[in-house]
Amino acid sequence: MTDSLNDKRYDTIIVGAGHNGLVCASYLARAGRRVLVLEAAGQPGGAAATREFHPGFKVSSGAHLLTQLNPTVAKELGLTGHGLEYAARDLKTVALDANGQHLVIDGAAVAGVSADDAAAYASFYAQNQRFGKVLDGFFSRRQPTLVDRSWDDAFSLLKLGWSMKRLGKADMQDLMRVGLINIYDVANEHFDNDLLKAAVAMDGVLGSHMGPRSPNTVYAYLHRHIGDCWGSSGPALLRGGMGALGSAFAEAARGFGADIRCNSRVVLVDMQDCRATGVTLDSGESFQADTVISNVDPKTTFEKLVGYPSLDAGFARRVHNFRSRGVSAKLHLALDGLPGFRGLDAALAGERLLLAPDMDHIERAFNHAKYGEYSQAPVMEISIPSVHDGSLAPAGKHVLSAIVQFAPYALRGGWDSAGDAFKQVALEQLEAYAPGLGGQVLAAELSTPIDLEQEFGMAGGHWHHGEIALDQALLMRPMPGAHQYSTPIPGLYLCGAGSHPGGGIMGLAGRNAAQAVIKQQKSSQEHAA
Amino acid sequence: MSLRAHDERMVMPTPFAPRVQAMCQTNDWYIWAGYTTPNTFEEVGLEYFAMRNSTGVFDLCPMTKYRITGPDGEAFLNRVMVRDVRKIKPGRVGYTVWCTDDGMVHDDGTIFHLSQGEYRLCAQERCMDWLQWSALGFDVEIVDETADIAALAVQGPTSCATLRRMGLEGIEQLKPFGIASFPFNGAELTVSRTGYTGDLGYELWIDAEQALPLWDALFEAGRELLIRPVGSEALGIARIEAGFIMAGEDFVPAEQVVRHGRARSPFELGLGWLVDFDKGPFTGRNALLREQRDGSRYRFVVLDVEGNKPAEHSFILDKHGRTIGHVTSAAWCPTAKTNIALASMNMPWGREDDEMYAEIYYNRELHWTRLLSRCRVRTGPVFDPPRRRATPAPQV
């Protein structure tokens, strides 16, 4: 197998078989390129992974809900034809209340709040959908630059301008206004109910080193809710967990002719005459190709795979200053039965559950992270996928997966001894909402940001590969000099979540990157001719 | 160390201040990189001719000096500089420039390869921040030793003889751009055959505490050889005559540029010969390759200007009176007896046979005169005496 791979000449090597790498591989292979995807882990999919963490209990060990899969990517890659099956779609969001007065958000509708708040949420939702359409058009293309602009970039900016104008004056003013403020203020403008505000704020801070009062949280909210514009009213679960999505992406890529090799950790981008010429694995084996595309996060790509000495000092400074320190831990529980959240109808246990009583609580939980501590009363996004998918746990038993914030990557004193203590904090927090849950726990696993970094190769354990903030997003993602998927190293490209339009399982970064690579090489061929 | 020194006093005296102040008849000072420095000591002409006919001594202490050590010292410098630093062998000095990512010149300076793996970088501007960012990924230590090292330029035809009289045995054998060490007053005196005058000359480097004994010994040794301290005005004429550029005059250091496009690349300063694309990655390489492919915006030239009126701050015009460039530095050069201007020309101007005029204004007793003086591009050096390169150096 190894020999046949080595004998085969590839023109493109993709580092990392995460979903964007596989999407990029698919489009390039479809365009006739000979593509090899090298993956460090034992299976493709990256953070779209399912792992057995306790005998008989499986969990989506990275991303656990599918919120933003781009339908164009899914359709063009024919993911459903590659065995992708939904266990549940359009999940509702339940904002848990410790006393059982839960709210249920279903698309534009909210149950459990005043009529005023319900109406306000419907109009908030509708406006965000209109904002989302602006972003949608911008996300599906290579981001433009403001200087050295090409016709393509001019078209992107015109398109953006036109979609802004089409919003109408009131919406356009509102988008310009809220885009730079924080979700705390925006939620307070619209709603009275604390639990509803907290549910909205959670979508602005999940996965980010931000509290509700931090700037950029409105953009993060819109980024997360782009899925609302793509035909779903809530997140989805896949049969077999997220690993099934990883497999489907891998099958799609293979179907187009790409080769995928797992257990192959790339440690170096090889260079000759200051140009990328291939990669070397930790085994010492190397592969040559004209084009190397990194699906690894930008910081790891430039700091480790390329190395600062090969980069211009100003660019190296930008890479060094790129913010990619995660604040999210993953909690995985194997449970003897379905947990009973106080006052929650068992029929809702399989929905998306949010544990965040109010915005100040989230902000206080974040405060700890600012000072290198973990939250003493963390907030959570919880999923019990076994309610919809019997393949994940033995009959009658369940798995619970939670994103627990805030657990800063750079914990003061390190995570070595703190992981267990934070796990206890998280379990106690759950116990307060689901009395008796502690007694149901057969096994509990907490992945700290350090663990997530190691498991998925993401710098800082940050699932967006870098903070989604306006200075690292849109025109500037990940950083000037590495935008538009190309890098200062000729022959080296980026295609991962660190590139435009960013993280979440969308697939657009991989798709846009493939288009950019094809386009750039076509134009350089024409130039040469 | 040197930054701490400036915490105590905004503008510092140099270690030679007691002697310099005593000898500065004109009391004519300016601030150079945070130090008080004389424009002139007595009379600019006398000082200039000391450098050309005997020995002129210039206090170099304000020159920014960084000590660079560590296993990656060479690799680090090679990434910062446009030239191949590996070619500067131990005991040698190399002139260099360093650039931003955009290929614009931060500064020019000299690298002293003091001993294997140990370097001193001399620069006009402070650049610790840039050096530290450039050190990402390298095992290297960078120390600002500006305040710790006292330095003197000793320049002119009797400079070698003066240093011999001071007791520097064998100094005449030191080749241009070479470095040698001598014991002095219980300390180590480092001498390099370098300078900013285009003539035979040396630079002396010693622990700051040894500054005054060094000054005294030097002036004692050179008394009969007509040694004289020189200020920056005289040095300014000598360096223009030698065709050397100066940061802040002939280009704006890239990090100080505020307006887009005002910085200059090495090619645009006539320093393309330094740029080595074959040595591997260095900061600015991509941008300079692009410039090489797409063409530069400016051409740097040395102009012979007709007449004897210095073309300072002049526009350069074509025969139709259109502006095609401007002068960055100019002087009447007394030894070469030519009127020299260093100029930045808009491309493609500045070719050898271009017809160009310097628009010179000068004032005599409230009477302004405008001159259009024909300029010709100089191809060879203006001032280049054989003693500049002769080894052993002439001892008069």
Consider A:A346 against the criteria (1) in contact (Cβ under 8 Å) with a residue 24 or more places away in the chain; (2) surrounded by fewer than 19 Cβ atoms within 10 Å (Cβ to Cβ): it satisfies all of them except one. Which criterion is unmet? (1)
Condition (residue is in contact (Cβ under 8 Å) with a residue 24 or more places away in the chain and within 14 Å of chain B (Cβ to nearest Cβ)) applied to segment A:253-266: is it met by at least one residue? no
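Take segment B:5-55 and flag every residue that is part of a strand (DSSP E or B), in contact (Cβ under 8 Å) with a residue 12 or more places away in the chain and not charged (D, E, K, R). So that I can check it myself, show each step before the final result.
First, pick out the residues of segment B:5-55 that are part of a strand (DSSP E or B): B:12, B:28-32, B:35-40, B:55.
Add one more test, that the residue is in contact (Cβ under 8 Å) with a residue 12 or more places away in the chain, and what stays is B:12, B:28, B:30-32, B:35-40, B:55.
Passing the criteria: B:M12, B:Y30, B:I31, B:W32, B:Y35, B:T36, B:T37, B:P38, B:N39, B:T40, B:T55.
In segment A:246-256, which residues are touching a Gly at 6+ places or on another chain (Cβ under 7 Å) and not hydroxyl-bearing (S, T, Y)? Walk me through it before giving the result.
Filtering segment A:246-256 for residues touching a Gly at 6+ places or on another chain (Cβ under 7 Å) gives A:246-252.
Once the filter is applied, which keeps residues that are touching a Gly at 6+ places or on another chain (Cβ under 7 Å) and not hydroxyl-bearing (S, T, Y), segment A:246-256 yields A:G246, A:A248, A:F249, A:A250, A:E251, A:A252.
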Name the one entry in A:E455, A:E428, A:E445, A:E467 that is out of contact with any Leu (no Cβ under 6 Å at 6 or more places or on another chain) and without any contact (Cβ under 8 Å) to a residue 12 or more places away in the chain. A:E428
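Step by step: first the residues of segment A:460-476, then only those that are surrounded by 24 or more Cβ atoms within 10 Å (Cβ to Cβ) and not in a loop (DSSP other than H, G, I, E, B), then the one that is nearest to the other protein chains (Cβ to nearest Cβ). Which residue is that? Walk me through how you get there before you give the answer.
So the first thing to find is which residues in segment A:460-476 are surrounded by 24 or more Cβ atoms within 10 Å (Cβ to Cβ), and the list is A:460-468.
Next, only the ones that are not in a loop (DSSP other than H, G, I, E, B) stay: A:460-461.
On the way: A:G460: 17, A:G461: 22 Å.
Once the filter is applied, the top-ranked residue is A:G460.
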Among the numbered criteria (1) part of a loop (DSSP other than H, G, I, E, B); (2) more than 25 Å from B:G109 (Cβ to Cβ); (3) among the polar types (S, T, N, Q), which one does B:T194 miss? (2)
Could you please tell me which pairs satisfy a Cβ distance under 9 Å, a separation of 6+ or placement on different chains, a first residue in segment B:76-103 that is within 14 Å of another protein chain (Cβ to nearest Cβ) and closer than 20 Å to B:L136 by Cβ, and a second residue that is outside any loop (DSSP other than H, G, I, E, B) and of a type in the set (D, E)? B:V85/B:E74; B:W98/B:D107; B:W98/B:D108; B:T100/B:E255; B:G103/B:E291
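Do the conditions hold for A:E445, that is, is it under 29 Å from A:G507 (Cβ atoms) and not in a loop (DSSP other than H, G, I, E, B)?
Judged against the criteria, A:E445 is a match.
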Just give me the residues in segment A:300-310 being touching a Gly at 6+ places or on another chain (Cβ under 7 Å) and surrounded by 24 or more Cβ atoms within 10 Å (Cβ to Cβ), in sequence order. none
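Can you tell me which of B:L342, B:L317, B:L372 is at pLDDT 95 or above and within 21 Å of the chain's Cα centre (by Cα)?
Numbers: B:L317 fails: within 21 Å of the chain's Cα centre (by Cα); B:L372 fails: within 21 Å of the chain's Cα centre (by Cα).
Exactly one residue qualifies, and that residue is B:L342.
Among B:G45, B:G56, which is the only one that is modelled with pLDDT of 95 or more, at negative phi and under 18 Å from the mean Cα position of the chain (by Cα)?
Values: B:G45 fails: under 18 Å from the mean Cα position of the chain (by Cα).
Result: B:G56 is the single residue among B:G45, B:G56 that is modelled with pLDDT of 95 or more, at negative phi and under 18 Å from the mean Cα position of the chain (by Cα).
Within segment A:12-30, can you find the residues that are among the aliphatic types (A, V, I, L, M), outside any strand (DSSP E or B) and closer than 14 Å to A:V517 by Cα? Talk me through it step by step, then tell me what you get.
Step one: filter segment A:12-30 for residues among the aliphatic types (A, V, I, L, M), giving A:13-15, A:17, A:22-23, A:25, A:28-29.
Narrowing further to those that are outside any strand (DSSP E or B): A:17, A:22-23, A:25, A:28-29.
Of everything in segment A:12-30, those that are among the aliphatic types (A, V, I, L, M), outside any strand (DSSP E or B) and closer than 14 Å to A:V517 by Cα turn out to be A:V23, A:A25, A:L28, A:A29.
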Residue by residue through segment B:134-169, note down the ones that are on the phi > 0 side of the Ramachandran plot and free of Cβ contacts under 8 Å to residues at least 12 places away in the same chain. B:G137
Somewhere in segment A:169-184, is a residue of a type in the set (K, R), surrounded by 23 or more Cβ atoms within 10 Å (Cβ to Cβ) and more than 22 Å from the chain's Cα centre (by Cα)? no
Restricting attention to segment A:509-521, does a residue exist that is of a type in the set (S, T, N, Q) and within 14 Å of chain B (Cβ to nearest Cβ)? no
Reported set for segment A:305-354 where residues are of a type in the set (D, E) and more than 8 Å from chain B (Cβ to nearest Cβ) is A:D336, A:D345, A:E351
Looking only at segment B:120-169, count how many residues are in a helix (DSSP H, G or I) and within 14 Å of chain A (Cβ to nearest Cβ). 7
Looking at A:D148, A:D153, A:D192, can you tell me which residue is of a type outside the set (K, R), at pLDDT below 90 and surrounded by fewer than 16 Cβ atoms within 10 Å (Cβ to Cβ)? A:D148
The condition from (1) at pLDDT 95 or above; (2) within 14 Å of chain B (Cβ to nearest Cβ); (3) farther than 23 Å from A:H500 by Cα that A:C274 misses is numbered (1)
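If the requirement is being over 20 Å from the mean Cα position of the chain (by Cα) and either within 28 Å of B:G45 (Cβ to Cβ) or without any contact (Cβ under 8 Å) to a residue 40 or more places away in the chain (or both), which of these qualifies: B:L204, B:L226? Explain how you work it out, then say what you get.
Details: B:L204 fails: over 20 Å from the mean Cα position of the chain (by Cα).
Criteria check complete, one pass: B:L226.
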Could you tell me which residue of segment B:257-303 is nearest to the other protein chains (Cβ to nearest Cβ), considering only residues that are under 27 Å from B:M356 (Cβ atoms), without any contact (Cβ under 8 Å) to a residue 60 or more places away in the chain and part of a helix (DSSP H, G or I)? B:D294
Checking A:M479 against (1) in contact with a Phe, Trp or Tyr (Cβ under 7 Å, 6 or more places away or on another chain); (2) surrounded by fewer than 20 Cβ atoms within 10 Å (Cβ to Cβ), the condition it does not meet: (2)
Do you know which of the residues in segment A:278-304 that are farther than 10 Å from A:L268 by Cα and of a type in the set (S, T, Y) is nearest to the other protein chains (Cβ to nearest Cβ)? A:T300
Segment A:477-501: number of residues that are away from every other protein chain (no Cβ under 14 Å), in a loop (DSSP other than H, G, I, E, B), over 23 Å from A:L38 (Cβ atoms) and not basic (K, R): 2
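In this structure, does A:A109 turn out to be within 22 Å of A:D358 (Cβ to Cβ), in contact with a helix residue (DSSP H, G or I) (Cβ under 6 Å, 6 or more places away or on another chain) and surrounded by 12 or more Cβ atoms within 10 Å (Cβ to Cβ)?
On the way: within 22 Å of A:D358 (Cβ to Cβ): yes; in contact with a helix residue (DSSP H, G or I) (Cβ under 6 Å, 6 or more places away or on another chain): no; surrounded by 12 or more Cβ atoms within 10 Å (Cβ to Cβ): yes.
No, not satisfied.
Does B:F300 meet the test of being at pLDDT 95 or above and under 30 Å from A:V306 (Cα atoms)?
Values: at pLDDT 95 or above: yes; under 30 Å from A:V306 (Cα atoms): no.
Answer is no for this residue.
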When every residue in segment B:208-256 that is among the basic types (K, R) and part of a helix (DSSP H, G or I) is compared, the one surrounded by the most Cβ atoms within 10 Å (Cβ to Cβ) is B:R239
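The values are calculated or read from the model by the stated rules, or taken from the named source; none is laboratory data. Model, not experiment: these values are computed from the prediction. FYI the Cβ positions are ideal-geometry reconstructions off the backbone, even for glycines, and counts take in every protein chain you see.
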